[in-house]
Amino acid sequence: DIQMTQSPSSLSASVGDRVTIACRASQVISNFLAWYQQKPGKLPTLLIYGTSTLQSGVPSRFSGSGSGTDFTLTISSLQPEDVATYYCQIYSSALRTFAFGPGTKVDVK
Amino acid sequence: QVQLVQSGAELKRPGASLKVSCEASGYTFTEYFLHWVRQAPGQGLEWMGWIDPNTGDTKYAQKFQGRVTMTRDTSINAVYLGLTTLTSDDTAVFYCARDCGRYCASASDYWGQGTLVTVSS
């Protein structure tokens, strides 16, 4: 199975700050990289798919980029409602398997 | 509207087996794969596997091979997660999630409400 890492594991930033979360895969994958947001006590929700496409209804302050093994989620201006844990997820079409990263917990100072 | 409705919380003894259901509505059941995802208390999301409701084809994460079974019943638009030889490490919320396939690069766009499984003697 493919292994995923995320960094940092947690961060605390001020409202309005630019926040970047990194996700790395153990092997090269295609653009089947997604990001999910999970607020405390809630279901995960899809933010971004195909590395950089925003899911309908997701605020434009969220963006995704990357290729190969390295991917990034950026929140351009952190808002109080963005407090959550963020997970990356890959799909390997070769192995037909998926994997989640360990998550990054985002807090507002 | 798309809905995934899961069966209720369960308390299991160590060594027992588990079967969780996920009933889909609001879309054509056989057109979208379904995943099962586990989340232990205070922990992250863990992918367990997927099932193709059209063919019954499955793929399981290596970690669960030999202990997990995913099945479907197309007559009632339901998928099932079976897990054997439960231990306290299996205490978790189990989610089913729809794979939106080519519409969103195989991400999961809808999630069931989750089923809490507690394994305790």
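Quote the total accessible area buried by chains B and A together, excluding ligands, DNA and RNA, probe 1.4 Å, nearest 100 Å².
1800 Å²
Give me the compactness ratio for the protein assembly as shown, meaning the Cα radius of gyration over 2.2 N^0.38 Å.
Relative to the rule-of-thumb radius for its length, the protein assembly as shown sits at 1.00.
What does the charge dipole of chain B about its Cα centre add up to, to the nearest 20 debye, if the Cβ of each Lys and Arg holds +1 and the Cβ of each Asp and Glu holds -1?
The calculated dipole for chain B is roughly 260 debye.
Given a Förster distance of 25 angstrom, what is the FRET efficiency for A:Thr53 paired with A:Asp107, based on the Cβ-Cβ distance and rounded to 0.05?
My answer for the efficiency is 0.40.
In Å², and per residue, what accessible area does the range B:1-77 have when probed at 1.4 Å with the other protein chains present?
Result: 50 Å² per residue.
If you bin every alpha carbon distance in chain A into 5 Å steps from zero, what whole percent lands in each bin?
So the P(r) values, bin by bin, are 2, 13, 25, 26, 19, 9, 4, 1, 0.
Using the Cα centre of chain B as origin and beta-carbon charges of +1 (Lys, Arg) and -1 (Asp, Glu), tell me which of B:Ala16, B:Val5, B:Tyr27 is placed farthest towards the positive end of the dipole.
So the residue furthest toward the plus end is B:Ala16.
Check B:Asp109: other-chain or 5+ apart residues with amide H under 5 Å from its amide H, H built from backbone geometry?
B:Arg98, B:Cys100
Just to check, using Stokes-Einstein with a Kirkwood Rh over alpha carbon pairs, what's the diffusion coefficient of the range B:1-82 at 20 °C and 1.002 mPa s in µm²/s?
158 µm²/s
Amide H of A:Lys105 versus every other amide H placed in the peptide plane: which residues, excluding those fewer than 5 positions away on the same chain, fall under 5 Å?
Hits under the 5 Å cutoff: A:Ser10, A:Leu11, A:Tyr86.
What spacing in nm lies between the two simple spin-label points modelled at A:Asp1 and A:Lys42, each 7 Å away from Cα in the Cβ direction?
The modelled label-to-label distance comes out at 2.7 nm.
Note down the nm distance, to one decimal, between modelled labels 7 Å out along Cα→Cβ at A:Ser77 and at A:Arg61.
With each label placed 7 Å out from Cα toward Cβ, I get 0.7 nm.
The values are calculated or read from the model by the stated rules, or taken from the named source; none is laboratory data. Model, not experiment: these values are computed from the prediction. Don't worry about glycine lacking a Cβ; one is built from the backbone with ideal geometry, like all the others, and counts go over all protein chains shown. Surface accessibility is based on the protein's heavy atoms, side chains included, excluding ligands, DNA and RNA. Shrake-Rupley method; radii C 1.70, N 1.55, O 1.52, S 1.80 Å.
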